[in-house]
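The values are calculated or read from the model by the stated rules, or taken from the named source; none is laboratory data. These figures come from a predicted structure and were not determined experimentally. Here the Cβ positions follow ideal geometry from the backbone for every residue, glycine too, while neighbour counts run over all protein chains shown.
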Amino acid sequence: MNNFLNQVTHGDAITYIPQLDDDSIHCVVSDVPYGINIDEWDVLHHNTNSALLGQSPAQLGKSGFKRRGKPIRGWSASDKNIPSEYQAWCLKWTVPLYTKVKEGASIFLFGARRTVHRLIVAMEDSGFLLKDILVWEKPNAHHRAQRLNNVLEKRGMQSKLQEWEGWRLGNLAPRWEPIAWFFKPYTRTITDNVLENGLGAINIGDNLIDSKNPSNILRFGFSSHEQRFHEAQKPVKLLEFLINLTTRPNHVILDPFIGSGSTAIASINLNRQYIGFDINESYIAIATKRIQMHVQTHQRQKTLL
Ligand SMILES: C[S@@+](CC[C@H](N)C(=O)[O-])C[C@H]1O[C@@H](n2cnc3c(N)ncnc32)[C@H](O)[C@@H]1O
């Protein structure tokens with residue numbers, strides 16, 4: 001039996017995944033580091049372009065993402081290597097993950113729109129198959145696109161302002177995030193696999209949304225009482241949906257990048273077991289406390305019923 005069961009453990013997923021028992025995981029739900037240098041908790045690349053890791057004046061003192069994620073002085077050769085570096089990093093944990101999950105198990109990986117294709121290739125090269133790319137549509141999103149005229153004004157280029165009125169430096173508002181949905185291929189028919197492993201079918205009946213069959217566009221926000229512990233935190237209801245769709249009570253859910261413990265909370269709510277890792281000790285402390293308090297409340301509510 002896995003030593004890590006129903007715990008969150010401080011450490012590198014690349015070290016700990018190989019220590020899990022083979023064929024012991026029924027589902028993986030994880031918000032994987034995005035590989036875009038977004039903050040200390042992301043995969044930080046060996047990059048010689050120091051501007052990439054710096055902050056813009058607008059980001060100083062803000063609690064949101066603290067890194068620019070784009071260079072100030074043009075793209076260097078090392079910037080262009082970031083996607084392949086990210087794929088190589090993913091392979092370090094996707095390869096050992098393969099033997100740990102059961103045949104027919106679902107693996108849901110949240111990724112960044114810019115780098116998720118590299119994560120998908122790493123998963124495929126490790127033996128998994130892609131089932132779908134779900135869309136998590138967020139209720140709102142910060143639109144970070146600086147007015148070009150603000151920059152031109154700072155440069156004293158008043159004569160250009162009319163020409164560039166309305167133009168911005170940045171992207172459209174990021175209203176969705178991809179959730180790459182993989183499965184481990186099975187050696188029998190899907191029905192035989194469902195009967196033997198309890199995995200491979202989807203529980204539509206228990207996951208209707210507004211009394212209708214769910215689609216692959218998932219609209220979930222945070223509940224009004226949901227406290228925020230992590231900059232990249234995901235709503236517990238969204239994680240519950242993914243877990244409840246593909247697993248049964250007592251199944252083991254792995255999140256190797258668990259952050260503030262949201263996947264553990266969702267698993268507890270659904271009477272599933274969980275295993276969580278995070279490389280950042282302070283997130284493990286936050287997750288441990290969050291889980292303890294949640295379990296106490298959960299038990300209190302059960303005894304009141
Ligand atoms: C996107 S965040 C997850 C946030 C989480 N969804 C939540 O709701 O709190 C990714 C997490 O991966 C952790 N991380 C980064 N590299 C890691 C590694 N090699 N092994 C384990 N955890 C890692 C970071 O510390 C970070 O908390």
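Looking only at residues in the range 127-149 that are out of contact with any strand residue (DSSP E or B) (no Cβ under 7 Å at 6 or more places or on another chain) and surrounded by 12 or more Cβ atoms within 10 Å (Cβ to Cβ), which one is farthest from Glu103 (Cα to Cα)?
Looking at the filtered set, the residue picked out is Asn149.
In the range 23-42, is there at least one residue being in a loop (DSSP other than H, G, I, E, B), within 14 Å of the ligand (Cβ to nearest atom), at pLDDT below 75 and surrounded by fewer than 18 Cβ atoms within 10 Å (Cβ to Cβ)?
For the range 23-42, residues in a loop (DSSP other than H, G, I, E, B), within 14 Å of the ligand (Cβ to nearest atom), at pLDDT below 75 and surrounded by fewer than 18 Cβ atoms within 10 Å (Cβ to Cβ): present.
Between Glu226, Glu231, which is within 15 Å of the chain's Cα centre (by Cα), over 24 Å from Ile25 (Cα atoms) and within 13 Å of the ligand (Cβ to nearest atom)?
None of the other options fit; the residue is Glu231.
Which pairs have Cβ atoms under 6 Å, sit 6 or more apart or on different chains, and link a residue in the range 138-157 that is under 20 Å from Lys234 (Cβ atoms) to one that is hydrophobic (A, V, I, L, M, F, W, C)?
Ala141/Ala173
Checking Leu242 against (1) closer than 30 Å to Asn150 by Cβ; (2) surrounded by 16 or more Cβ atoms within 10 Å (Cβ to Cβ); (3) at pLDDT 95 or above: exactly one of these is not met. Which one?
Here Leu242 clears every test but (1).
Keeping to the range 271-292, report how many residues are part of a loop (DSSP other than H, G, I, E, B) and over 14 Å from Val29 (Cα atoms).
Selection size over the range 271-292: 3.
Scan the range 212-232 residue by residue and report those that are at pLDDT 95 or above and more than 16 Å from Leu134 (Cα to Cα).
Once the filter is applied, which keeps residues that are at pLDDT 95 or above and more than 16 Å from Leu134 (Cα to Cα), the range 212-232 yields only Lys212.
Out of the residues in the range 234-257 meeting the condition of being among the basic types (Lys, Arg) and more than 14 Å from the chain's Cα centre (by Cα), tell me which one is nearest to the ligand (Cβ to nearest atom).
Within the range 234-257, the match that is nearest to the ligand (Cβ to nearest atom) is Lys237.
Count, please, the residues in the range 151-171 that happen to be surrounded by 12 or more Cβ atoms within 10 Å (Cβ to Cβ), over 30 Å from the mean Cα position of the chain (by Cα) and at pLDDT below 95.
Count: 1.
Go through the range 76-186 and tell me which strands (runs of 3 or more DSSP E), entirely inside it, have 2 or more residues that are among the aromatic types (Phe, Trp, Tyr), more than 16 Å from the ligand (Cβ to nearest atom) and assigned by TED's automatic domain parsing to the domain that holds Ser223.
176-183
Across the range 91-122, which residue is surrounded by the fewest Cβ atoms within 10 Å (Cβ to Cβ) among those that are more than 10 Å from Val32 (Cβ to Cβ) and among the hydroxyl-bearing types (Ser, Thr, Tyr)?
Checked the range 91-122; the qualifying residue surrounded by the fewest Cβ atoms within 10 Å (Cβ to Cβ) is Tyr98.
Quickly run through the range 250-269 and pick out the residues that are closer than 20 Å to Ser24 by Cα and either touching a Ser or Thr at 6+ places or on another chain (Cβ under 8 Å) or of a type in the set (S, T, N, Q) (or both).
Asn250, Val252, Ile253, Leu254, Asp255, Pro256, Phe257, Ile258, Thr263, Ser267
Out of the residues in the range 261-295 that are among the polar types (S, T, N, Q) and touching a strand residue (DSSP E or B) at 6+ places or on another chain (Cβ under 9 Å), state the one that is farthest from the ligand (Cβ to nearest atom).
Top of the filtered list is Gln273.
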